[in-house]
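Heads up, the thing below is written out as structure tokens.
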Amino acid sequence: MLSTRFIGWLRRYEKWFGIAAVILMVIGLYTGLVTSSADYYQGEVVRIMYVHVPFAQTAMFAYSTLFFCSIWYLWKRDPIVDNAAHAAAGIALFFTAGGLLTGSIWGKPTWNTWWTWDPRLTSFAILFLTLVGYLMLRTFLDDKEKRATFGAILAIIGFIDLPIVHFSVEWWRSLHQPLSVSTRGVSIAADMALPLSLMSIGFTLLFTYMLMVRTQMLYLEYLLEAKQGRLMSEERL
Amino acid sequence: MAGKKFGIIFSVLIVVGGLGYLAFGRFGENLVYFVTPSEVVTFGSDRYGKKIRVAGMVVEASMKVIPETLKIRFDLTDGDKTIPVAFEGVPPDLFKEGKGAVVEGYWDGDQVLHSHMIMAKHEEDYMPIEMKQAGVKLPTKGLIKTLKVD
Amino acid sequence: MRSVCEIGLKYRILPEGDPLKGLYLRWAVLLSLFGVIGLLGWGRYNREVRAQEPKALLKISSGSDLRVIGRIEGGSLVRGSEGKPFEFTLSGEGEQVSVNFMGEDQDTLRELKTIVVIGSWDGENRHFKAKEIALIPNYDFITWAYLTSLIPLAFFIFRMERKVALLYIMIKEEKAYQRENLS
């Protein structure tokens, strides 16, 4: 019954994460779209950064969550942890798609191309494929244990892409600019760093909220399915 | 059942294939996104006329617009070697002298890079124009360094 | 095994009242909140970014602090030097106006490039005096980036929340035991 207690905990605290996320995002969007300045080089179009960077970051954060939940599942074999991993994967796929889309829209006016096979873009596309593969694998496996175990193994293997996505712009020749926040320091003026950090933290909280909601969703679905299954086998008897 | 098995194999292949490309295809070395002018100048005749991508910095005061046409000429440098570029078309908005560019085209016997497609390669610093005019410099890797000239 | 409802009551995870009503109310508030920011952003765009075409400029006799967007005609740019202004022809929608700009040399000033000039217009001599020049704003890209990412995000979260609310209602009413009510 530990799962139900955990679900109760999620239900009680989820709203605080949601509220905090909305507050930060409202201020972030206001400063990003209304009060912050245009960039000296890109002009107004730099405002896409305040949505593109949080999307991409959250995608990677969500994949990291999937990775940790997968390890945890293989260790403890707790079904609710598998629900959390599954939830994180769904959210990660959404944010990865959003990161690719907003990046593409930013790329056209700045780079002059919607898409190019540079190392950052290629490794991010591989992150997208990994998540598609993970979720597909889950739909094709009927046995719950197998689904969770094989999924976890796949997610753990796929994690090697994450440092590659992050450091690709530093290690190899790419069109994408290097890291703006690195050991060199912060290369973003305070005026623009404010909306960016508000949105980034806001999105991280939003992700936590989404994870809490989606984990409940998958757990409850699983619960109902189990009931339904038992009912069906009873009928057959 | 066969469809299911195919589905499982296919979904695993997607992941393993993508990751295998990263790990064993020596992603970083094989996927050379662009070459630099230093490498281009060593090209033999066997590489003439083949599509390449060259990145570098547009040399200050090297750009010449040929009037009444869409042709421009400029020099591209990686800090070591410099090559001339003959471009025809509309360059990107952020294409500027002293800034980075990735030029797609072919290198030919006339020792000129012929191109119809330019991408602007910008740096990772962001600040308001007033700050830039006041001479503020934020830490960046430096465009030439991002070209990874050996 | 106890019923889901019993467990739910024990840990107080089941909703009181109609959870769907609360959900719709919450989303109405959220959408209006973000709508207000959208409007403020739109206001800022109209105030500080929006530029008119040379064609629209020709319809007015004079004005100051105008923003005009157009392309610098090939071969028309005469670079200024000490005390002399830059001169060029700005074109758009088949109309052309001559512009002069007193200021420092900028990379933005280049033939065949679309730019925004900010300054005053003299309709009699068809002459625009720019005191400032700016990059093309590309605001359509910004709008699309925000709309195509935030609207699906809202939709994604809304559907998730709605599903959870429905699942709790089903559990509360113990519809889990009545198969025909399950979709």
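Within segment B:65-103, being of a type in the set (S, T, N, Q) and at pLDDT 90 or above holds for B:Thr77, B:Thr82. Hey, could you check segment C:57-87 for residues that are aliphatic (A, V, I, L, M) and part of a strand (DSSP E or B) and say which is surrounded by the fewest Cβ atoms within 10 Å (Cβ to Cβ)? The qualifying residue surrounded by the fewest Cβ atoms within 10 Å (Cβ to Cβ) is C:Val78. In the set (1) within 28 Å of C:Thr143 (Cα to Cα); (2) in contact with a Phe, Trp or Tyr (Cβ under 8 Å, 6 or more places away or on another chain); (3) surrounded by fewer than 20 Cβ atoms within 10 Å (Cβ to Cβ), A:Pro79 fails one condition alone, (1).
Output the qualifying pairs, or none if there are none: Cβ atoms under 6 angstrom, residues six or more apart or on different chains, first residue in segment A:5-18 and facing another protein chain (nearest Cβ under 8 Å), second residue aliphatic (A, V, I, L, M). Close Cβ pairs satisfying both conditions: A:Ile7/C:Ile13; A:Gly8/C:Ile13; A:Arg11/C:Ile13.
May I ask you to verify whether B:Lys50 is in contact (Cβ under 8 Å) with a residue 24 or more places away in the chain and open to solvent by 80 Å² or more (accessible area, probe 1.4 Å)? So B:Lys50 passes the test.
Kindly indicate which of A:Leu141, A:Leu101 is farther than 25 Å from B:Ile8 by Cβ and out of contact with any Leu (no Cβ under 9 Å at 6 or more places or on another chain). Please lay out each step first, then the result.
Values: A:Leu141 fails: farther than 25 Å from B:Ile8 by Cβ.
Result: A:Leu101 is the single residue among A:Leu141, A:Leu101 that is farther than 25 Å from B:Ile8 by Cβ and out of contact with any Leu (no Cβ under 9 Å at 6 or more places or on another chain).
Here is a list of conditions, (1) in a strand (DSSP E or B); (2) buried (at least 16 other Cβ atoms within 10 Å of the Cβ), and C:Leu23 meets all of them except one; can you say which number that is? Against the list (1) in a strand (DSSP E or B); (2) buried (at least 16 other Cβ atoms within 10 Å of the Cβ), C:Leu23 comes up short only on (1).
With the structure loaded, tell me whether A:Ala125 is aliphatic (A, V, I, L, M) and surrounded by 24 or more Cβ atoms within 10 Å (Cβ to Cβ) or whether it fails that test. Here the answer is no, as A:Ala125 does not meet what is asked. Criterion applied to A:Met192, A:Met212 was being more than 13 Å from chain B (Cβ to nearest Cβ), closer than 30 Å to A:Leu33 by Cα and open to solvent by less than 20 Å² (accessible area, probe 1.4 Å), and the one residue passing it is A:Met212.
Of all residues assigned to segment C:38-50, at least one qualifies as being modelled with pLDDT of 85 or more and under 30 Å from C:Val164 (Cα atoms). The residues on offer are A:Ile19, A:Ile7, and the sole one that is part of a helix (DSSP H, G or I), of a type in the set (Val, Ile, Thr) and open to solvent by less than 10 Å² (accessible area, probe 1.4 Å) is A:Ile7.
May I ask you to list the residues in segment A:106-120 that are assigned to a helix (DSSP H, G or I), more than 18 Å from B:Phe95 (Cα to Cα) and open to solvent by 20 Å² or more (accessible area, probe 1.4 Å)?
Passing the criteria: only A:Arg120.
There is no residue in segment A:81-94 that is more than 18 Å from C:Ile157 (Cβ to Cβ) and within 14 Å of chain B (Cβ to nearest Cβ). The single residue among A:Leu206, A:Leu179, A:Leu162, A:Leu135 that is crowded, with 21+ Cβ neighbours inside 10 Å and at pLDDT 90 or above turns out to be A:Leu206. If you go through segment A:126-167 and keep only what is within 8 Å of another protein chain (Cβ to nearest Cβ) and small (Gly, Ala, Ser), you end up with A:Gly133, A:Gly158. When C:Phe141, C:Phe88 are screened for being touching a helix residue (DSSP H, G or I) at 6+ places or on another chain (Cβ under 9 Å) and not assigned by TED's automatic domain parsing to the domain that holds C:Leu23, only C:Phe141 passes. Of all residues in segment B:96-136, those satisfying the criterion of being more than 17 Å from A:Gly107 (Cα to Cα), more than 10 Å from every other protein chain (Cβ to nearest Cβ) and either open to solvent by less than 20 Å² (accessible area, probe 1.4 Å) or charged (D, E, K, R) (or both) are B:Gly105, B:Trp107, B:Asp108, B:Asp110, B:Val112, B:Leu113, B:Ser115. Taking residues in segment A:192-216 that are free of Cβ contacts under 8 Å to residues at least 24 places away in the same chain, and partners anywhere that are open to solvent by 30 Å² or more (accessible area, probe 1.4 Å), the pairs with Cβ atoms closer than 7 Å and at least 6 places apart or on different chains are A:Ala193/A:Val186. Counting the residues of segment A:37-68 that are over 30 Å from C:Ile133 (Cβ atoms) and touching a residue at least 60 places away in the same chain (Cβ under 8 Å) gives 14.
The values are calculated or read from the model by the stated rules, or taken from the named source; none is laboratory data. Just so we're clear, the structure is a prediction, and the values are computed from it rather than from any experiment. Virtual Cβ from ideal backbone geometry, glycine too; neighbours counted across all protein chains shown. Just so you know, the surface numbers come from the protein's heavy atoms only, side chains and all, with ligands and any DNA or RNA stripped out. Shrake-Rupley method; radii C 1.70, N 1.55, O 1.52, S 1.80 Å.
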